[in-house]
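Below: the structure, in structure tokens.
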Amino acid sequence: MDNPLILYGCIVILTGFALLYFALVIWSPAPIITHESEKKYRSFKSTKKPLSLTPLEDSGTVDLTVVIPAYNETERLPLMLEQTIDHLSSLKKKRTYEILIVDDGSSDGTSEFSLKLAAKYPKSDIRVVTLEKNLGKGGAVRHGMLYGGGERLLMVDADGASRFNDLELLWDAMDKIAPNKGAGVVVGSRAHLVKTEAVVKRSLLRNILMYGLHTILRIVGVGHIRDTQCGFKLFSRSAAQQIFPAQHLPTWIFDVELLLLAKQLRIPVAEVPIEWHEVPGSKLNVVTASLQMLRDLLIVRANLLLGRWQVVPRKQKSE
Ligand SMILES: Nc1nc2c(ncn2[C@@H]2O[C@H](COP(=O)(O)OP(=O)(O)OP(=O)(O)O)[C@@H](O)[C@H]2O)c(=O)[nH]1
Ligand SMILES: *[C@@H]1O[C@H](CO)[C@@H](O)[C@H](O)[C@H]1NC(C)=O
């Protein structure tokens, strides 16, 4: 090489890539560690002696698992649980179910409170798992899914912002896209509410962030889903078995990672409009959350692109 500029240029570019890769390694979330105690649950019948949960690899034991991530939720859980059980027990076509409350390392006694609450519903299989440390919503949902026994598994927020009856809309959509225990994901969507007053009244900042999010989602590859962030999502067991072991993000942008994984695994995803009302008591700070989101999305994309994170499709059992 006669021209030293080219040589220097190459060195600068290579160093740049090395630094980017280093940043990726540093910023990637550490693997989520599951403690032994977290593989067990307590119920109102067995408040002292924990019992074993059903690992996701095993075959299903009930028709539905309801996974409720709960962080300091003693205020909002009672109403939400009541609505959940009211609905499930009013169904004409009976469905067996378990409700898995994942206490995400709360410091307000959410677990003990949930156990007391569960005693009010002796006919329902309400299971309480206590995470040793706070992981974040994504970590809590992932844990509930990895230890749920349902043929279908629903994640739902503890705040009762979604109307639980809308589960039936998701259920019917699942029958269509994933019959015979196939793989499928059905997500609740608030996109049809976007033009309504509820949203117009939101602060300018929230709206700007929302449009920013949509743009980024399109770049990242899940632009076809109109509402990625809705806390009401139903997974068939087969879909959950493929998606959740591959999930790395414990933060609140994990929803996007789940949808990206579904896309990579070619699992069909349906979006169904549902009711929604804003509930006071959100513990989210929009600005820090947005920055965190941007970083996490880039991390997910880069890790998948470079093959640092792998996705392993399961062979469908032919039935
Ligand atoms: N904020 C927060 N929520 C958590 C955490 N772990 C689990 N969760 C649960 O995640 C769910 C959603 O949390 P919220 O703080 O209500 O979030 P939100 O801003 O209301 O979210 P939207 O329902 O999308 O408006 C609730 O069921 C929480 O209990 C955590 O570490 N932080
Ligand atoms: C959770 O609740 C405890 C006890 O009420 C409180 O001290 C703590 O600050 C709460 N944590 C958050 C993040 O809200």
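The values are calculated or read from the model by the stated rules, or taken from the named source; none is laboratory data. If you're wondering where the values come from, they're calculated on a predicted model, not measured in any experiment. Cβ coordinates were reconstructed from backbone atoms using ideal geometry, including for glycine residues, and neighbour counts include every protein chain displayed. Each accessible area value is taken on the protein alone, full model and side chains, heavy atoms only, with ligands, DNA and RNA left out. Shrake-Rupley method; radii C 1.70, N 1.55, O 1.52, S 1.80 Å.
Looking only at the range 14-38, count every residue that is open to solvent by 100 Å² or more (accessible area, probe 1.4 Å) and in a helix (DSSP H, G or I) and tell me the total.
Filtering the range 14-38 down to residues open to solvent by 100 Å² or more (accessible area, probe 1.4 Å) leaves 14, 17, 19-22, 26-27, 31, 33, 36.
Still in the running and in a helix (DSSP H, G or I): 14, 17, 19-22, 26-27, 36.
Result for the range 14-38: 9.
Of the residues Val67, Val141, which single one is within 16 Å of ligand 1 (Cβ to nearest atom), within 25 Å of Glu278 (Cβ to Cβ) and assigned to a strand (DSSP E or B)? Working first, answer last.
On the way: Val141 fails: assigned to a strand (DSSP E or B).
The conditions single out Val67.
Report whether or not Asn207 is modelled with pLDDT of 80 or more, polar (S, T, N, Q) and either part of a loop (DSSP other than H, G, I, E, B) or surrounded by 12 or more Cβ atoms within 10 Å (Cβ to Cβ) (or both).
no
How many residues does the range 55-75 hold that are over 19 Å from the mean Cα position of the chain (by Cα) and either open to solvent by 30 Å² or more (accessible area, probe 1.4 Å) or within 16 Å of ligand 2 (Cβ to nearest atom) (or both)? Talk me through it step by step, then tell me what you get.
We begin by selecting, within the range 55-75, every residue over 19 Å from the mean Cα position of the chain (by Cα); these are 58-63, 74-75.
Then drop every residue that is not either open to solvent by 30 Å² or more (accessible area, probe 1.4 Å) or within 16 Å of ligand 2 (Cβ to nearest atom) (or both), which leaves 58-59, 61, 63, 74-75.
The qualifying residues number 6.
Consider only pairs whose beta carbons are under 6 Å apart and that are at least six residues apart or on different chains; among these, list those whose first residue lies in the range 104-118 and is more than 15 Å from Asp157 (Cα to Cα) and whose second residue is surrounded by fewer than 18 Cβ atoms within 10 Å (Cβ to Cβ) and of a type in the set (Lys, Arg).
Gly105/Lys133
Consider Thr251 carefully, then state whether it is crowded, with 17+ Cβ neighbours inside 10 Å, modelled with pLDDT under 90 and touching a Leu at 6+ places or on another chain (Cβ under 7 Å).
No; evaluated as a whole, the condition is false for this residue.
Which residue pairs have Cβ atoms under 7 Å apart, sit 6 or more places apart or on different chains, and have a first residue in the range 56-80 that is without any contact (Cβ under 8 Å) to a residue 60 or more places away in the chain and a second that is open to solvent by less than 30 Å² (accessible area, probe 1.4 Å)?
Close Cβ pairs (under 7 Å, with a partner that is open to solvent by less than 30 Å² (accessible area, probe 1.4 Å)) amount to Thr74/Thr110; Pro78/Leu117.
Going through the range 83-111 one residue at a time, which ones are farther than 18 Å from Gly231 by Cα, within 16 Å of ligand 1 (Cβ to nearest atom) and part of a helix (DSSP H, G or I)?
Thr110, Ser111
Across the range 220-249, what is the number of residues that are outside any loop (DSSP other than H, G, I, E, B) and away from ligand 1 (no atom under 16 Å from the Cβ)?
Residues meeting the conditions: 13.
Check Ala289, Ala246, Ala270 and return the single one that is among the small types (Gly, Ala, Ser), within 16 Å of ligand 2 (Cβ to nearest atom) and open to solvent by less than 40 Å² (accessible area, probe 1.4 Å).
Ala289
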